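Undergrad: Pasting a structure below so you can have a look.
Coordinate-derived values only; no laboratory data. Computed from a prediction, not measured in an experiment: that's the story for all the values here. We place every Cβ from the backbone using ideal geometry, glycine too, and count neighbours over all the protein chains shown.
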Amino acid sequence: MSIDQQYLEVDDSKTLKFSSRRSAVHSLDGIVSCTQPMAAAAGMKILRMGGNAIDAAVATAAVLCLMEPTMVSPAGDMFSLFYNAKDKTLKGINASGRSPAALTIDYLASKGITGHKLPPNSVHCVTVPGGPAGWVDAIEAWGSGKITIADALAPAIELAENGVPIAEISSNLWYRGYYIITKNSPENSKDLLMPDGSTPKQGDLWVNKKLAATYREIAKHGKAGFYEGVVAQRIVDEVQSRGGVMTMDDLKNHTSTFIEPISVEWMDGMTLWECPPNGQGILAQLAVGIIREMIADKIVPPPEEWVLNSAPYLHMIIEVLKMAFRDGEEYVADPERAKVPAAALLEKSYLNKRAHEFDPKVVVAQYAPGLPKTANDSDTVYLAVTDKEGNACSFINSVAGMFGTGIIPKDSGFTLLNRGVNFLLDKTALNALEGGKRPYHTIIPAMLTKNGEIYAAYGVMGGFMQPQGHLQVLLNHTVFKLDEQKSLDVPRICITPGKVVDGVTNTLVNIEAEISAEVVAELKAMGHDIELQKRYDPLFGRGQIIRLSKTPSGKTVHSAGSDPRGDGQSFPFFD
């Protein structure tokens, strides 16, 4: 292999060939890794002002709301994990919102709305946005003390006022989602379109003065600027004008929840940390724990014999993910309103029982019932930040589906989320719709520790792809020893519900191009239903990783990768 080729391809006996378009990025003072370079620049600005990882993360997220409105807005939800280097603690925040207090299954039935789930663009899918409260609460709890919410929002306000050039992938997704906002907000959709009514093209200067005004309210009044004032009234007016039942009290009464992360042991002293339900991070942990038990009981060969993205390897991944999703469908719900047995699901005995359900030659057809097929879009932003003190932040923000509901409150500059689409209209279900309840949530930040020390902040965004991405990227890095960038570059699979045959929903295995035709043929011969997708399709998510390691002299080296499926990259901070 020539020198030129080795920078383009990874090809050895353990990995099979795939493209790697970027190098890992390294720093001694911190890194911001996200899907938009201009958003990363905002995070850098905060770090230079003396802010820490969470301060910079909020600034980065606010700019992403401006540049990727298909994915995220202030009227979205947020989760974050934060590692405090000073006291070596790992904490989390669940800043997801709840359904309106008056919204019940009986109320919907009285309006003729029945079925398994709500339609994704229904006004009744609008839950209280948790993001802005989470931004404020996280900075107050974990911030440097040098940065206020006004400081963190200042870069986004400046860019929204004066304009920011839009990047290629964001432009393409904006165009793909055009119909959602023009159909669902025909009067207000102009607020998220260019003056001529088109979507921004690559390099177009995007100005959103109404979003800047929304941010100014938060900067001036804190949480009350979003949940009690003019912004809240615009949200309520828009929702109620469409028959929704959200009130000003629903917004005013919203609270974030600080949580203790949950963990599962992996290998070589590695531990995977996730937020507990109502998020689906536990699905990634179930998959990791099941594979750990399969290795221990020799149900599969030892990891050193695995070949990345070979047919036997992918068969294992597919079948383990099916088990995790079946448990997720049954058990992931709001723990404040339903009994979620998270601890029991992660017990060794349960994981071992699941491990023994795996057969290296048998395809289990059934997919988790009820989970919708994800659209070919990654409707979330994930970012990771580390700082010179060694703090690390794993941070995720989302409006759920592309442009959320597509409903745009007047003069707000943003769309409303549709997270309520994940409620079930079945009173017997753990995740049944109830007033004031959080739904099953897909967005999940992750952290890794090794022998009790911080190892990495990482995540892969994109609906039900997220736990699948967490698993695949973790194995790429820990089993196959790929660096931070190559661990993200590896072609992925994504399972989604397929055809319904005799009342059973089969699993469709979406395979990203560059996984070889021979492997695809082997999987089909085993009985897997395969659908090929183009390379870098948003279906397969967009991830970020920042790893921290110590030099012999005791300095911390930050090493990062940023997904080629997004516009962004990892930016090293130099203080």
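Undergrad: Compute the projected area of the convex hull of the Cα atoms of region 214-367, averaged over all viewing directions, and report it in nm² to one decimal place.
TA: Approximately 13.4 nm², given one-decimal rounding.
Undergrad: Let me ask something additional. Charges at C-beta only: +1 for Lys and Arg, -1 for Asp and Glu. How large is the resulting dipole of region 509-575 about its Cα centre, in Debye rounded to 20?
TA: Using Cβ point charges on Lys, Arg, Asp and Glu, region 509-575 gives about 440 debye.
Undergrad: Please find the FRET efficiency linking residue 168 to residue 307, where r is the Cβ-Cβ separation and R0 is fixed at 35 Å, and quote it to the nearest 0.05.
TA: On the way: r = 34 Å, r/R0 = 0.96.
Computed FRET efficiency for residue 168 and residue 307: 0.55.
Undergrad: Shifting gears a bit: In square nanometres, what is the average projected area of the Cα convex hull of region 186-247?
TA: 5.4
Undergrad: Placing +1 at every Lys and Arg Cβ and -1 at every Asp and Glu Cβ, with all other atoms neutral, what dipole size does the chain have around its Cα centre, in debye to the nearest 20?
TA: Approximately 520 debye in magnitude.
Undergrad: Now for a different question. Just the Cα atoms of region 74-136, one point each, no solvent: what log10 I(q)/I(0) does Debye give at q = 0.13, 0.18 Å⁻¹?
TA: Taken in order of the listed q values, log10 I(q)/I(0) reads -0.52, -0.75.
Undergrad: Still on this structure, I have one more. Need one word for region 38-91: rounded, prolate or oblate. Basis is the Cα gyration tensor (sqrt eigenvalues a ≥ b ≥ c); a/c below 1.5 gives rounded, then a/b vs b/c decides.
TA: Cα axes put region 38-91 in the oblate bin.
Undergrad: Shifting gears a bit: Under the rule of -39500 (n - 2.57) per DSSP H run of 4 or more residues, summed and divided by the residues of the chain, what mean residue ellipticity at 222 nm is obtained, to the nearest 500 deg cm²/dmol?
TA: -10000 deg cm²/dmol
Undergrad: Under 25 Å Cα to Cα from residue 88, which lysines show up? Leave out anything in the same chain fewer than 8 places away.
TA: Excluding near neighbours in sequence, the set is 146, 388, 450, 550, 555.
Undergrad: Taking the Cβ of residue 108 as the centre, find all other residues whose Cβ is under 15 Å away and add up their charges (Lys, Arg: +1; Asp, Glu: -1).
TA: Taking every Cβ under 15 Å from that of residue 108, the sum is +2.
Undergrad: For the charge dipole of region 470-524, defined by +1 on Lys and Arg C-beta atoms and -1 on Asp and Glu C-beta atoms about the Cα centroid, which residue among 506, 474, 495 has the Cα displaced farthest towards the positive pole?
TA: With unit charges placed on the Cβ atoms, the residue in question is 506.
Undergrad: Putting +1 on Lys and Arg Cβ atoms and -1 on Asp and Glu Cβ atoms, find which of 221, 76, 122 reaches farthest to the positive end of the dipole of the chain.
TA: 221
Undergrad: Can you spot the aspartates and glutamates whose alpha carbon is less than 18 Å from residue 111's alpha carbon? Ignore those fewer than 8 places along the same chain.
TA: Once the sequence-local aspartates and glutamates are set aside, what remains near residue 111 is 426, 434.
Undergrad: Given the convex hull over the Cα atoms of region 497-575, what projected area results after averaging over all orientations, in nm²?
TA: Working: hull surface 36.2 nm².
Here the figure is 9.1 nm², rounded to one decimal.
Undergrad: Projected onto the charge dipole of the chain (+1 at Lys/Arg Cβ, -1 at Asp/Glu Cβ, origin at the Cα centre), which of 31, 264, 188 gives the Cα projection farthest towards the positive end?
TA: Checking the options against the dipole of the chain, the answer is 188.
Undergrad: What FRET efficiency would be calculated for the residue pair residue 194, residue 574, taking the C-beta separation as r and a Förster radius of 45 Å, to the nearest 0.05?
TA: Result of the calculation: an efficiency of 0.80.
Undergrad: Each label point is 7 Å from the Cα along the Cα-to-Cβ direction; what then is the distance between the points at residue 146 and residue 361, in nm?
TA: Result for the modelled spin labels: 6.4 nm.
Undergrad: In addition: Ranked highest first by average number of other Cβ atoms within 10 Å, how do 296-308, 97-109, 134-146, 65-77 line up?
TA: 65-77, 134-146, 97-109, 296-308
Undergrad: For residue 569, which sequence-distant residues (separation of 5 or more, or a different chain) have an amide H within less than 5 Å of its own amide H, given hydrogens modelled in the peptide plane?
TA: Close amide H contacts, sequence-distant or interchain: 34, 36.
Undergrad: Rank-order 511-523, 532-544 by packing density, defined as the average count of other C-beta atoms within 10 Å over each peptide's residues, highest first.
TA: 532-544, 511-523
Undergrad: Once label points are set 7 Å from the Cα along Cα→Cβ at both residue 161 and residue 557, what is their separation, rounded to one decimal in nm?
TA: Once both label points are built, they end up 4.3 nm from each other.
Undergrad: Report Rg/Rh for the chain, rounded to two decimals, where Rg is the Cα radius of gyration and Rh the Kirkwood radius. List each step's numbers first, then the result.
TA: Numbers: Rg = 22.3 Å, Rh = 23.5 Å.
Ratio of gyration radius to Kirkwood radius for the chain: 0.95.
Undergrad: How are the alpha carbon pair distances in region 408-474 distributed across 10 Å bins from zero to the largest one, expressed in percent?
TA: All Cα pairs, binned at 10 Å, distribute as 17, 28, 31, 19, 4, 0 percent.
Undergrad: Please list, in order along region 49-57, the HN-Hα scalar couplings obtained from phi with the Karplus expression 6.51 cos²θ - 1.76 cosθ + 1.60 (θ = phi - 60°), rounded to whole Hz, x for Gly and Pro.
TA: 7, x, x, 9, 4, 6, 4, 5, 5
Undergrad: Now for a separate question. If the cut-off is a Cα-Cα distance under 19 Å, which aspartates and glutamates reach residue 499, setting aside same-chain residues fewer than 8 apart in sequence?
TA: Result set, ordered by chain and number: 319, 329, 529, 531.
Undergrad: Based on the inverse mean of 1/r over its pairs of different Cα atoms, what is the Kirkwood hydrodynamic radius of region 208-280, in Å?
TA: 15.3
Undergrad: Could you work out how much longer the chain between residue 426 and residue 49 gets when fully extended? Use 0.36 nm per residue separation minus the Cα distance between them, nm to one decimal.
TA: 130.7 nm
Undergrad: A further question on this structure: Using mean Cβ contacts within 10 Å as the protection proxy, how do 174-182, 235-243 order, highest first?
TA: The packing order, highest mean first, is 174-182, 235-243.
Undergrad: I need the phi-derived Karplus couplings for region 528-535: 6.51 cos²θ - 1.76 cosθ + 1.60, θ = phi - 60°, integer Hz, Gly and Pro marked x.
TA: 6, 8, 10, 10, 7, 10, 5, 4
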